Structures are given as structure tokens and as C-alpha cells.
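Colleague: Pasting a structure below so you can have a look.
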Amino acid sequence: MSDQSHSASLETASIEELRERLREAEDTLDAIRSGAVDAVVVGSDDDRRIYTLESADRPYRVLVEQMQEGAVMLSADGTILYANERAGQLLGTQVEHVVGSAFSAFVLDGQHARLHELIRESATGTARDELTVLSVNGETPVYCSFKALESERDQDRLICGVISDLSQQRQMEARLHQAQKMEAVGQLTGGLAHDFNNLLQAIHGNLELVKRAPSDPERVLRWTGNAMRAVSRGAKLTAQLLAFSRSQKLELKPVGLARLVHGMADLFDRTLGAGIDLRLELGDDDAQVVADATQLELALLNLAINARDAMPTGGVLRISTLAWTITDDADLADGDYVELSVADTGTGMPADVAARAFEPFFTTKEVGAGTGLGLAQVYGICQQAGGHAQIESSPRGTRVSLFLRRSPAAAAAPDPSASAVVNASDQSAPRILVVDDDPDVRTFMVETLVSLGYRVDSATGGRAALHMMASDPPDLLVLDFAMPHLDGATVAKLARSQGLQMPIVFASGYADTSALDAAMGNNISLLRKPFSIGNLSAVVAAALG
Ligand SMILES: Nc1ncnc2c1ncn2[C@@H]1O[C@H](COP(=O)(O)OP(=O)(O)OP(=O)(O)O)[C@@H](O)[C@H]1O
Ligand SMILES: [Mg+2]
């Protein structure tokens, strides 16, 4: 027999022996507890073991002393009667200082109520929860498990508690989370860089063509048209990112669903291609919901593109509406809703994909083919409008439903593309002051407003603008929201405090919703960047009344 196997069998033998002793100890302990005997002697003369209550309990005591979980015994009022060494470590002090203190003294203030609840619940079964214990080492997240020993009188009850340290687990979770975030950022930057490069390529290429042959009006028109299409694709992409980051201010208004969907028919046709049969089943023609119309269009476009991708050999895409009155729902407040659903007859998604599909940056598509933001945007806008989105998918197809709050029928919003054009030479034309730190944007706004017939001044920053307005107040102030030194909100506030009451238009590419909300007020409207000439002229005309 080799040395190794020899020692292995020795170990086995001693484990067997220890087991045997433990069993003996248990049996004996029962006998002693029941009061049948005071002590038990086991074995022969030369190997004699005497069990008493003390010696029989010892293996358990040693076990508890040694274990790497904290163990405590509490009285019914939560005073610590016993704590093992590990519990002392977790509570950041020596066992002698722990015993006699209230357990709650080591628990975060806000969790005392929960601790007392756990102690109460421990009378009827094992009560478990996560708590945070305080010590000189700081806060430690722990998992506590309490169980009371039976007793005749409530106040005599003893409660055994096991406390497990969760800090390592938390660190692992945080690391995993960070890794997932990095993976997402990697996917995002890869996908976005690719998309934006393509857009920049299209813009650059077409501008270069214009530069080469500027005198051919027909071709120039076509090339600039191509470049502008690339810009609007870029704008959609940033809108998606902003909707996802929730920093874009949603403009929640009543939106006529049928009108919105019909208005997109052209876009659907071009996006879907010939192999896909589009069917619109828009039940109630007048159904109005509370939503941001631009974002809702984008959501429908995202859903249509997803459906197209899921039906590479063609199929049916059905966009339908259905009215609901909802009560007692986990995701929706009680009230009237319209379900707007987009259903395809495509490949469907496996359950694990469906479960993660709303996650931002979750995509099964190749880099450059998808950023994984489509459904995140859909989910985000529903949520922000007080609604909800859900997915049903099977190998026969997918249905994404948007539940949107129904708004009481109201006058339809005016068509934003209709705008007033003012006579340029007219000295009575309204005077507008444009304030933007970006020279390209400023020049564009000034030129556009001049071409629309307004008289226009410009300033590169808030201070200059306030200075100009003090001597010669304009009829309208167009303010970039995010500017260095003085931001748009501050400039607006200062102007008002100087007694200037002219309407103000904030131009904002992105802005913290709360900052923008706080700055919005009477006679102040919002122009979202990037904007077209049509948007600018409509907002300006509306602001001027
Ligand atoms: N109609 C659908 N049929 C089958 N699978 C779908 C459908 N819609 C979404 N998916 C799955 O859900 C994933 C996430 O969709 P989402 O629209 O959020 O991102 P994406 O389409 O991959 O990228 P992006 O929309 O940003 O271009 C998709 O990659 C796809 O696997
Ligand atoms: Mg998509």
C-alpha cells in the first residue's frame, strides 16, 4: 500500500469514527434532555467516553464557533445573548462588546422596522431578508435568517440568527454589471460609428459633387437632397439615443393615431419593399392618445424595420388599433387606453431574445446592421407617456403592442409645415435676435430667418445678447439652450428680470429634461435640434402669434 492511499484510508476511518461519535452524542443528548438520565458512559474500560449535557453539546458549539457565517442568539426583545467570532467581525467589534447590546444598534437606521418585523416573524417560521449592518469598517450588506426556539412564554423566546456577508457577492455583481455595460458600450460605439461614418460619407460625397458642378441646378438639387436625407437619418439616430438616455424632452400632446399612421404610408412603402403586404386596421378614426408625435412615428418606423428584417422572404405587416378600458393592471394605471400594435408574420424570436429585446443595445444583428436601440426607444416613449409596451412572439410571427393613454377628443394640432412668409423689405417685419455660440448654426438660422422676411440680429453669447436687448429689445428671442458661460435658461431669466416680455424660443439639441422643464414658462416655446427650415419658420411664426 502506498503512503498516500494509506493516509487516505486513515482519514476515512477517522471520519467514520467521528460520525459515529456525533451520532452517539446526539442520541445521548436526547436522552439527557428528556430528563431520562444525567450522563451516559459509552465504550469499554480503555476507550470510555462519558457524555453529559455539556460534552454532548460541545461538537455543536465548536461548529458554531468555527463557522464562517455570523451566528447570534437573541432574546425576544432583540438583545444579543450570544455571538460567535464571525458575527463579532461582521459587526466590527469584539464578541464581548456585542453581547448585551441590542442587535438593532448594528443595523442601519432605516431598517430597524424591518428587523423587528423579522424578529416577530421568526416566531412562526424562518424569517429571512437582506439588511445592512454598520461597523467601524463601514456598511456591510448581509443576509439574515432568524428562527425562534419554541417556548411557553413569548418573552422567554430565544431567537437563533445566521448572518451571511454579501459584500463579496455584491462586488462580483458590480463587476459583472460593469462588464455588461462595457460590452454594451462596445456594441454601441461599434454600431454607431459605423452608421455615422456612412452618413458622413453620404453628406460629404454629395457636397463634394455640388462643389465640382455647382452650375448644374438639376443635379445640385438632387445631390443636396441626398445629403439632407443622410442628415435626417443621423437625426433619427441621435433622437433614438436621446430618447434612450431620457434626456430629450418629450412633447406629450393629443395625437390622432389614424392620421399619424396614414401620414407614414409613404415611408412604410419605401422601408418595407415590395414583398411585404402592409395592412392598416385602424379601428376608431378619431382615436387620440397622449404621446409625442415625432417619437411615436419613430417608434412605428423602428417596429416596421424590425418586422421587415424578420420577414426576409416577405409576409404581412398589420398595424392595428384597439380601444381598452383598463382596471387593476400591473403595468398600467386604471383608465382608457388605445392599443397600437404592429404584427408581422416573420420568424419570431426565441423566448430568451424576447425577454431581452427591450433592453437598450440588445441586438442579434451584426455590427452596423443594428444598434439594439429600436425597441428600447419604443419602450421608453410608452413608459414616459404613462403607457406600456409588450411583445408577443411565436415562430409564426411577432406582435409588439403599445398601450397609450387615450386623450379626450380635442382639436387636431395645426400642420407644422404651414408657415408664414413675411415680406423681406418690410420695415415693419418682426425683429428677431438669434443667440447661439455655434457659428454654423447661428449663420444658418440668421440666413433662413432673413430669407423668410424677418429682420434679424445675432449674438454669439448671452452677455452680448442681454447688452443688445437692453438698448433695443427685439420682437422675438431665439436662444440656444446649451451655451457656455450663460446658458439659455439663465439668459431668459435675466431678460425677464429686466422687464423684457417678448416671446422666447429655446433651440435645444438635448437638454436635461428637468432643466428644460424648469426654464419653460409663459411665452416660451421649444425648437428641437436638428431642425429644418420648415420647423424653424413654423415655431417662429407661432411664437410671434
Ligand atoms: N419583429 C421582430 N421579429 C423577430 N425578432 C425581432 C423583432 N423585433 C425585434 N426583434 C429582435 O429583437 C432584437 C432587438 O430589437 P431592436 O429593434 O431593439 O434592435 P435592432 O433591430 O437589433 O437594432 P436597431 O433597431 O437599433 O437598428 C433584434 O436584434 C431582434 O433579434
Ligand atoms: Mg430594430
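Colleague: What is the percent of Cα-Cα separations in the chain that go past 30 Å? Let's see the in-between values first.
Modeller: Working: 101852 of 148240 pairs.
Tail of P(r) above 30 Å: 69 percent of Cα pairs.
Colleague: While we're on this one: Report, in debye and to the nearest 20, how large the dipole of region 234-381 comes out about its Cα centre when Lys and Arg carry +1 and Asp and Glu carry -1 on their Cβ. Walk me through the numbers before you get to the answer.
Modeller: Numbers: 11 positive and 21 negative charges, 139 e Å.
Here region 234-381 has a charge dipole of around 660 debye.
Colleague: Counting Lys +1, Arg +1, Asp -1, Glu -1, what net charge surrounds Cys144 among other residues with beta carbon under 12 Å of its beta carbon? Please list the in-between numbers first.
Modeller: Working: positive: Arg114, Arg128, Lys147; negative: Glu69, Glu117, Glu121, Asp129, Glu130, Asp165.
Charge balance near Cys144 sits at -3.
Colleague: OK, next. Within the chain, what's the longest run with no trypsin sites (Lys or Arg not before Pro) in a DSSP loop and at most 12 other beta-carbon atoms within 10 Å? Give the range, please. Can you show the working numbers first?
Modeller: On the way: sites that count: Arg153, Arg396.
Looking at the chain, 154-395 is the longest stretch - no exposed trypsin sites (Lys or Arg not before Pro) with at most 12 other Cβ atoms within 10 Å.
Colleague: A further question follows. For His262 paired with Asp517, estimate the spin-label separation in nm (one decimal), with each label point 7 Å from Cα along the Cα-to-Cβ line.
Modeller: 3.5 nm
Colleague: Gln68: net charge of surrounding residues, Cβ under 14 Å, Lys/Arg +1, Asp/Glu -1, itself excluded? Kindly include the intermediate steps, with their values, before the conclusion.
Modeller: Values: positive: Arg86; negative: Glu65, Glu69, Glu85, Asp165.
Neighbour charge sum, excluding Gln68 itself: -3.
Colleague: Taking the simple approach of a point 7 Å from Cα along Cα-to-Cβ for both Ala542 and Asp336, what is their distance in nm?
Modeller: Each label point is offset 7 Å from its Cα along the Cβ direction, giving 2.5 nm.
Colleague: Okay, moving on. Placing unit charges on C-beta atoms (Lys and Arg positive, Asp and Glu negative, everything else neutral), compute the dipole magnitude of the chain about its Cα centre in debye, rounded to 20. Before the final figure, lay out the partial values.
Modeller: Details: 47 positive and 73 negative charges, 567 e Å.
I would put it at about 2720 debye.
Colleague: Right, another one. Which of the GluC sites (Glu not before Pro) found in region 47-76 are loop residues per DSSP with 11 or fewer other Cβ atoms within 10 Å of their Cβ?
Modeller: Details: sites: Glu54, Glu65, Glu69; in loops: Glu69.
For GluC sites (Glu not before Pro) across region 47-76 that sit outside H, G, I, E and B with at most 11 neighbouring Cβ atoms in 10 Å, the list is empty.
Colleague: Which of Ala515, Met182, Ala376 sits closest to the plus end of the dipole of the chain, meaning its Cα is farthest towards the positive end, when Lys and Arg get +1 and Asp and Glu get -1 on the C-beta?
Modeller: Selected residue: Ala515.
Colleague: Which loop GluC sites (Glu not before Pro) in region 310-398, with loop taken from DSSP, have no more than 14 other Cβ atoms within 10 angstrom of their Cβ? Working shown, then result.
Modeller: On the way: sites: Glu339, Glu366, Glu392; in loops: Glu366.
Hits after loop and neighbour filter: Glu366.
Colleague: Find the all-direction average of the projected area of the Cα convex hull for region 97-140, expressing the result in square nanometres with one decimal place. Display every interim value, and only then the final one.
Modeller: Values: hull surface 14.1 nm².
Orientation-averaged projected area of the Cα hull: 3.5 nm².
Colleague: What translational diffusion coefficient, to the nearest whole µm²/s, does region 431-543 have by Stokes-Einstein, given a Kirkwood radius computed over alpha-carbon pairs, a temperature of 10 °C and 1.306 mPa s viscosity?
Modeller: On the way: Rh = 13.7 Å.
Calculated translational D: 116 µm²/s.
Colleague: Per residue and in Å³, how big is the convex hull formed by the alpha-carbon atoms of region 253-405?
Modeller: On the way: hull volume 16.6 nm³, N = 153.
Convex hull of Cα atoms, per residue: 108 Å³.
Colleague: Oh, and also: Can you list the residues, at least 5 places off or on another chain, whose amide H is less than 5 Å from the amide H of Ala357, using H built in the peptide plane?
Modeller: Here nothing satisfies the definition.
Colleague: Hey, another quick one. Charges at C-beta only: +1 for Lys and Arg, -1 for Asp and Glu. How large is the resulting dipole of region 431-543 about its Cα centre, in Debye rounded to 20?
Modeller: Taking the Cα centre of region 431-543 as origin, the dipole is about 240 debye.
Colleague: If you take every DSSP beta bridge whose two residues both sit in the chain, what share of them, in percent to the nearest 5, is antiparallel?
Modeller: Details: 61 of 86 bridges.
Of all bridge pairs located within the chain, approximately 70 percent are antiparallel.
Colleague: Starting from the Cα-Cα distance between Arg120 and Ser164, subtract it from 0.36 nm times their residue separation and give me the gain in nm to one decimal. Intermediate results must be reported in sequence, preceding the final value.
Modeller: Details: separation 44, 0.36 × 44 = 15.84 nm, distance 2.01 nm.
Computed gain between Arg120 and Ser164 is 13.8 nm.
Colleague: Expressed as cubic angstrom per residue, what is the convex hull volume of the alpha carbon set of region 69-165?
Modeller: 78 Å³
Colleague: Taking 0.36 nm per residue of separation and subtracting the Cα-Cα distance, what length does fully extending Lys253 through Ser145 add?
Modeller: Gain on stretching Lys253 to Ser145: 33.8 nm.
Colleague: If you don't mind, there's one more thing I want to ask. With point charges of +1 on the Cβ of Lys and Arg and -1 on the Cβ of Asp and Glu, referenced to the Cα centre of the chain, which listed residue (Ile391, Ala330, Gln111) lies farthest in the positive direction of the dipole?
Modeller: Result: Ile391, furthest along the dipole toward the positive end.
Colleague: Farthest toward the dipole's positive end in region 22-66, which of Gly43, Leu29, Leu63, given Cβ charges of +1 (Lys, Arg) and -1 (Asp, Glu) about the Cα centre?
Modeller: Ranked along the dipole, the leading option is Leu63.
Colleague: For the pair Leu22/Asp277, report the inter-label distance in nm, with labels modelled 7 Å from Cα in the Cβ direction.
Modeller: 7.1 nm
No lab work stands behind these numbers, since they all come straight from the coordinates. This is a predicted model, so every value here is computed, not measured. Don't worry about glycine lacking a Cβ; one is built from the backbone with ideal geometry, like all the others, and counts go over all protein chains shown.
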